[in-house]
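The values are calculated or read from the model by the stated rules, or taken from the named source; none is laboratory data. Predicted, not measured: the structure shown is a model, and the values here were computed from it. Methodologically, a virtual Cβ is constructed for each residue, glycine included, from the backbone with ideal geometry; neighbour enumeration extends over all protein chains shown. Side chains are part of the model used for accessible areas, which takes the heavy atoms of the whole protein and leaves out ligands, DNA and RNA. Shrake-Rupley method; radii C 1.70, N 1.55, O 1.52, S 1.80 Å.
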Amino acid sequence: MNSAQELQALAGAIRDLQRRAFIGGGALATIIETRGSTFRRAGASMLILGDGSIVCELAGGCPQRDIVLRAQEVMADGHARLVHYNRDTNYDILIELGCGGELSVLIEPLLGECHIEHLDALEGCLARRDVGAMAMVFAHDDGNLLPHPRRLLANGNGVLFDGIGDDALGAQLLHRIENLERRVEPFTSGDGRVHGLVEQMHPCPSLVLIGANAGARAMAEMALALGWQVTLVDTDAERLKSLALPLPIETMAVGPAALRAALSPDSFTAVMAMTHRYELDVDYLSALGNSELAYVGAIGSRERAQRMHRALNGHFDRLHVPAGLDIGSETPQEIALAVIAEIVATFNMREGQRLIDTRGPIHS
């Protein structure tokens, strides 16, 4: 699946194509199904433009060059195409990849307004930081593709966009969305059985850093490079200004008492307290107590961590103090790397182990 950051990049590039009246054309390539070891999971998409340029590359392990060539054919005839890379078809390309995995890729044309009708709902979902899902129907049960995939988007409040045009099918898809499954499976429609892909949609990770200093700046720049939303908080507006942070990092000069009102934290928000003042860190984190946060951490020694755990007992499900993975970090940049890595692992519900020590699938 695509991350929220990738979805935003894809939506922005499609809007640019729309502003150019679709001159040159475009095509969206989506991994529909995978077997074995592949670099990306089902739902990951890549935009190919008429000049051959790419937005959100699918990366190594995927037959990207071949997909680009086939996308040019899709743009030329205006019909979606499903391409299989397995031991029955395109085996030479599979051997070239050498990753051992197999995948199926749907390539759909983006040549007019009718092909992007779901985009408003998708952008609205991302802007509101909704948790939701998107279902895409692309083929009849006999294997014949629809001329163009049809989509349904929904969040916890119901349907945001319905391009299916079949009430019975829409109800089935909405049930799958509410259960947040991600797989290709058959559904029953008025026209017979059809195949669709259901994928999750999560908000872009948000990082709130408390304390304006070199460590916070290093962490903010690293998170920004990942496409996260970043907010830096401090009691002193001049101290915030002195860091000369790049846009779009947001700054807030607020004390602990005003923090909760100034922020809109959610279950995809990580908070790091790093003022280097124990009492101030505790006051800030206490102000966010009982918030539905993905990650709460602080910088400090083990002795300081014990005091903070006692002071914040019951405020959060888990407090990451001292924050970060054990990589022997010393410099602000190394500390930022260690903390950001732990936050990513927490978002993805992983333990942050070395891959050589794990036995499960790398992508699950």
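Check GLY328 against each of (1) out of contact with any helix residue (DSSP H, G or I) (no Cβ under 6 Å at 6 or more places or on another chain); (2) within 28 Å of VAL254 (Cα to Cα) and name the one condition it does not meet.
Here GLY328 meets the rest and fails (2).
Only residues that are among the small types (Gly, Ala, Ser), in contact with a strand residue (DSSP E or B) (Cβ under 8 Å, 6 or more places away or on another chain) and not in a strand (DSSP E or B): list them for segment 120-165, please.
Applying the first criterion (among the small types (Gly, Ala, Ser)) to segment 120-165 yields 121, 124, 127, 132-133, 135, 139, 143, 154, 156, 158, 163, 165.
So of that shortlist, the ones also in contact with a strand residue (DSSP E or B) (Cβ under 8 Å, 6 or more places away or on another chain) come out as 121, 124, 132-133, 135, 139, 154, 156, 163, 165.
Residues satisfying the conditions are ALA121, GLY124, GLY156, GLY163, GLY165.
Under 6 Å by Cβ, and 6 or more places apart or on different chains, what pairs join a residue from segment 55-75 that is of a type in the set (Ser, Thr, Tyr) with one that is at pLDDT below 95?
Note: no pairs meet the criteria.
Do the conditions hold for PHE316, that is, is it over 20 Å from ALA223 (Cα atoms) and either of a type outside the set (D, E, K, R) or open to solvent by less than 30 Å² (accessible area, probe 1.4 Å) (or both)?
yes
Filter segment 222-242 for residues that are over 18 Å from the mean Cα position of the chain (by Cα) and either within 22 Å of LEU126 (Cα to Cα) or open to solvent by less than 30 Å² (accessible area, probe 1.4 Å) (or both) and give the result. Reasoning before the result, please.
Restricting attention to segment 222-242, the residues satisfying the condition of being over 18 Å from the mean Cα position of the chain (by Cα) are 231-242.
Residues satisfying the conditions are THR231, LEU232, VAL233, ASP234, LEU240.
Looking at VAL296, VAL344 in this structure, which one is at pLDDT 90 or above and under 22 Å from HIS276 (Cβ atoms)? Lay out the reasoning, then the answer.
On the way: VAL344 fails: under 22 Å from HIS276 (Cβ atoms).
When all the criteria are applied, what remains is VAL296.
Can you give me the number of residues within segment 119-145 that are over 26 Å from ALA9 (Cβ atoms) and open to solvent by less than 30 Å² (accessible area, probe 1.4 Å)?
Looking only at that region, the number is 1.
Restricting to segment 158-167, name every residue that is small (Gly, Ala, Ser) and open to solvent by 60 Å² or more (accessible area, probe 1.4 Å). Reasoning before the result, please.
So the first thing to find is which residues in segment 158-167 are small (Gly, Ala, Ser), and the list is 158, 163, 165.
Of everything in segment 158-167, just one residue is small (Gly, Ala, Ser) and open to solvent by 60 Å² or more (accessible area, probe 1.4 Å), namely GLY165.
Given (1) crowded, with 20+ Cβ neighbours inside 10 Å; (2) in contact with a helix residue (DSSP H, G or I) (Cβ under 8 Å, 6 or more places away or on another chain); (3) not hydroxyl-bearing (Ser, Thr, Tyr), where does MET252 come up short, assuming only one miss?
Here MET252 meets the rest and fails (1).
Filter segment 264-304 for residues that are more than 24 Å from the chain's Cα centre (by Cα) and either polar (S, T, N, Q) or farther than 21 Å from ASP234 by Cα (or both) and give the result.
Restricting attention to segment 264-304, the residues satisfying the condition of being more than 24 Å from the chain's Cα centre (by Cα) are 273-290, 298-304.
Of everything in segment 264-304, those that are more than 24 Å from the chain's Cα centre (by Cα) and either polar (S, T, N, Q) or farther than 21 Å from ASP234 by Cα (or both) turn out to be THR275, SER286, ASN290, SER301, ARG302, GLU303.
Return the pairs, sorted by first residue and then second, in which the second residue is β-branched (Val, Ile, Thr) and modelled with pLDDT of 70 or more, the first residue lies in segment 166-186 and is under 21 Å from ILE31 (Cβ atoms) and assigned to a loop (DSSP other than H, G, I, E, B), the beta carbons are less than 9 Å apart, and the residues are 6+ apart or on different chains.
LEU180/VAL131; LEU180/VAL198; GLU181/VAL198; ARG182/VAL198; ARG183/VAL198
Among helices (runs of 4 or more DSSP H) lying entirely in segment 1-108, which contain 1 or more residues that are within 23 Å of ARG151 (Cβ to Cβ), within 16 Å of the chain's Cα centre (by Cα) and modelled with pLDDT of 90 or more? Quick ask: steps written out before the conclusion?
Details: elements: 4-19, 64-77, 91-97.
Of the helices (runs of 4 or more DSSP H) lying wholly inside segment 1-108, those with at least 1 residues that are within 23 Å of ARG151 (Cβ to Cβ), within 16 Å of the chain's Cα centre (by Cα) and modelled with pLDDT of 90 or more span 4-19.
If I ask for residues that are loosely packed, with under 12 Cβ neighbours inside 10 Å and without any contact (Cβ under 8 Å) to a residue 12 or more places away in the chain, which ones from segment 297-313 would you list?
Result: GLU303, ARG310, ASN313.
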